[in-house]
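J.: Here it is, the structure, as C-alpha coordinates.
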(Lines give C-alpha, C1' and ligand atoms only; values in the text may rest on other atoms or scores of the structure.)
Protein backbone atom coordinates (compact mmCIF):
# COMPACT_ATOMS: atom_id res chain seq x y z
CA UNK A 1 0.00 0.00 0.00
CA UNK A 2 2.90 2.37 0.58
CA UNK A 3 3.90 4.90 3.16
CA UNK A 4 0.97 6.79 4.69
CA UNK A 5 3.20 9.27 6.55
CA UNK A 6 3.41 12.67 4.83
CA UNK A 7 6.66 14.57 4.36
CA UNK A 8 7.26 17.71 6.45
CA UNK A 9 9.42 20.41 4.87
CA UNK A 10 10.37 23.22 7.25
CA UNK A 11 13.20 25.22 8.85
CA UNK A 12 14.86 25.86 5.50
CA UNK A 13 17.11 28.88 5.95
CA UNK A 14 18.64 28.69 2.46
CA UNK A 15 15.54 29.45 0.40
CA UNK A 16 11.82 29.09 0.21
CA UNK A 17 9.89 25.94 0.96
CA UNK A 18 8.54 25.70 -2.59
CA UNK A 19 7.80 22.20 -3.84
CA UNK A 20 7.95 21.50 -7.56
CA UNK A 21 6.31 18.33 -8.81
CA UNK A 22 7.63 17.30 -12.20
CA UNK A 23 7.25 14.28 -14.46
CA UNK A 24 9.92 12.49 -16.46
CA UNK A 25 8.24 13.50 -19.69
CA UNK A 26 5.94 12.25 -22.36
CA UNK A 27 6.85 8.84 -23.74
CA UNK A 28 4.74 8.97 -26.93
CA UNK A 29 1.50 7.47 -28.13
CA UNK A 30 -0.61 7.39 -24.99
CA UNK A 31 -1.67 10.04 -22.50
CA UNK A 32 0.44 9.35 -19.38
CA UNK A 33 -0.65 10.05 -15.84
CA UNK A 34 0.76 13.14 -14.18
CA UNK A 35 2.42 12.92 -10.75
CA UNK A 36 0.65 16.19 -9.83
CA UNK A 37 -2.60 14.20 -9.94
CA UNK A 38 -1.36 11.93 -7.16
CA UNK A 39 0.88 14.10 -4.96
CA UNK A 40 -1.09 16.75 -3.09
CA UNK A 41 -0.03 19.48 -0.66
CA UNK A 42 -1.76 19.17 2.71
CA UNK A 43 -2.11 15.42 2.35
CA UNK A 44 1.19 14.01 1.08
CA UNK A 45 3.48 16.83 2.19
CA UNK A 46 3.38 19.95 4.34
CA UNK A 47 5.57 23.02 3.93
CA UNK A 48 6.51 25.43 6.69
CA UNK A 49 5.29 23.33 9.63
CA UNK A 50 7.10 20.74 11.74
CA UNK A 51 5.87 17.20 12.25
CA UNK A 52 3.49 17.02 15.24
CA UNK A 53 5.40 15.95 18.35
CA UNK A 54 8.78 17.03 16.95
CA UNK A 55 11.28 18.48 19.43
CA UNK A 56 14.57 20.07 18.52
CA UNK A 57 17.73 18.12 19.22
CA UNK A 58 19.65 19.50 22.18
CA UNK A 59 22.83 21.30 21.20
CA UNK A 60 25.44 20.71 22.34
CA UNK A 61 24.64 17.09 23.07
CA UNK A 62 24.07 16.50 26.83
CA UNK A 63 26.84 13.88 26.97
CA UNK A 64 29.33 16.30 25.42
CA UNK A 65 28.51 18.90 28.09
CA UNK A 66 28.99 16.27 30.79
CA UNK A 67 32.48 15.55 29.45
CA UNK A 68 33.42 19.24 29.51
CA UNK A 69 32.47 19.76 33.19
CA UNK A 70 35.06 18.38 35.63
CA UNK A 71 33.69 16.09 38.35
CA UNK A 72 32.91 17.80 41.67
CA UNK A 73 35.51 15.70 43.54
CA UNK A 74 38.35 16.72 41.19
CA UNK A 75 41.40 18.24 42.84
CA UNK A 76 43.44 20.68 40.80
CA UNK A 77 46.90 21.46 42.14
CA UNK A 78 49.00 24.27 40.71
CA UNK A 79 52.65 24.58 41.64
CA UNK A 80 54.54 27.76 40.77
CA UNK A 81 58.34 27.47 40.67
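J.: Out of region 1-18, which residues are at pLDDT 80 or above and over 15 Å from the mean Cα position of the chain (by Cα)?
T.: Selection gives 4 alone.
J.: Looking only at region 31-77, count how many residues are within 22 Å of residue 20 (Cβ to Cβ), modelled with pLDDT of 75 or more and over 15 Å from the mean Cα position of the chain (by Cα).
T.: Result for region 31-77: 12.
The values are calculated or read from the model by the stated rules, or taken from the named source; none is laboratory data. Bear in mind that the values here come from a model prediction, so they are computed numbers and not experimental data. Every residue, glycine as well, gets a Cβ built from its backbone with ideal geometry; the counts of neighbours run over all protein chains shown.
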